[in-house]
Amino acid sequence: MPILQASVNPDSSFARGGGDITVVGDSALLSDTGPIGTHVDIPDQIGNNGQISLYIVRSGDSLSQIAKMFGVSVNTIIWANDIKGGIIAPGQRLVILPVSGIQHTVKKGDTVGSIAKKYKTDIGEILTFNGLSDGSNLKEGDALIIPDGEQGLSADQRSLTGTTEIRQATPDYKGYYIRPLSYEDGRKTQGIHGYNGVDIGAAMGTAIRAAAEGDVIVARQSGWNGGYGRYMVVQHANGTQTLYGHLSSIAVPEGTYVSQGQVIGFVGNTGKSTGPHLHFEVRGAKNPF
């Protein structure tokens with residue numbers, strides 16, 4: 001039986017553990033060959049505990065295979081990477097973004113509008129995430145994923161393709177993070193929502209500072225990006241990540257090491273946003289703000 005070998009990563013700027021290894025979930029080496037010969041024959045899905053993962057597409061990969069590997073839906077990948085026509089190419093770098101959402105079974109009389117109203121979300125997001133051009137072809141019994149849907153549901157009902165909302169994230173790294181916008185520059189306009197995030201309202205163009213030192217692993221300069229618009233993610237030494245969404249511009253590129261308090265971007269109104277503000281998430285720990 002052949003020994004499993006680590007996958008070669010064509011993007012050396014994000015390589016770890018020797019220079020060319022694909023890292024899944026920030027901890028697991030992805031094998032090129034599984035027990036019966038292919039990289040998709042790995043029986044256990046890789047848990048991410050709400051962490052954002054990066055994946056480099058290889059020859060022969062399909063969206064369904066990658067989705068199965070990470071335990072998310074195909075539309076999660078399409079939605080977060082603005083993929084057109086479901087087409088991916090070798091060497092393409094994908095952000096695997098665990099989506100906070102609710103599964104809804106279509107009932108008689110349901111419309112996309114009524115569903116969006118019920119879960120306090122956007123009609124366009126429901127259509128985009130579920131690959132619908134409009135709501136005319138909804139059928140009774142269909143299962144829809146409602147991104148960022150809000151309702152008092154059980155943990156099982158909040159489950160989305162292996163992931164759940166992180167509203168009580170642990171541990172608590174008290175004092176590890178500083179506020180990305182000072183109290184003078186912005187005020188909190190919405191408490192914990194989505195993936196352990198808060199919204200801080202501020203004037204357009206206000207400087208945003210890194211909550212803690214770390215590596216910039218995502219810096220998306222354009223696109224909808226699952227509603228985050230222009231956004232970035234910093235990976236920290238304690239194993240957590242911070243996300244900064246709806247930016248007007250990003251000050252540092254992917255792969256940059258940033259120090260705590262360094263200016264990394266500027267407040268904007270991109271993606272799913274109704275006014276200038278910063279959407280700030282802590283993934284893997286309690287959000288102190």
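The values are calculated or read from the model by the stated rules, or taken from the named source; none is laboratory data. Everything numeric here is computed off the predicted structure, so don't read it as measured data. Reconstructed Cβ throughout: ideal geometry from the backbone, glycine too, with neighbour counts over all protein chains shown.
Select the strands (runs of 3 or more DSSP E) contained entirely in the stretch 179-289, then report the ones holding at least 2 residues which are within 19 Å of the chain's Cα centre (by Cα).
Ranges flagged: 186-193, 197-202, 214-220, 231-235, 241-245, 247-250, 263-267, 277-283.
Sort out which residues of the stretch 77-117 are assigned to a helix (DSSP H, G or I) and assigned by TED's automatic domain parsing to the domain that holds ASP142, and write them in order of number.
Those that are assigned to a helix (DSSP H, G or I) and assigned by TED's automatic domain parsing to the domain that holds ASP142: VAL112, GLY113, SER114, ILE115, ALA116, LYS117.
I need the full set of residues from the stretch 196-254 which are among the hydroxyl-bearing types (Ser, Thr, Tyr) and more than 18 Å from ARG93 (Cα to Cα), in order please.
Within the stretch 196-254, THR206, THR240, THR242, TYR244, SER248, SER249 qualify.
Answer yes or no as to whether PRO35 is over 24 Å from THR240 (Cα atoms) and modelled with pLDDT of 50 or more.
So PRO35 fails the test.
On the basis of being modelled with pLDDT under 95, farther than 16 Å from VAL233 by Cα and assigned by TED's automatic domain parsing to the domain that holds ALA116, does GLU165 make the cut?
no
Could you grab me the full set of residues in the stretch 104-124 that are touching a strand residue (DSSP E or B) at 6+ places or on another chain (Cβ under 7 Å) and buried (at least 16 other Cβ atoms within 10 Å of the Cβ)?
Scanning the stretch 104-124 gives HIS104, VAL106, ILE115, TYR119, THR121.
Within the stretch 118-132, can you find the residues that are within 26 Å of ASP61 (Cα to Cα) and not in a helix (DSSP H, G or I)?
The answer is ASN130, GLY131, LEU132.
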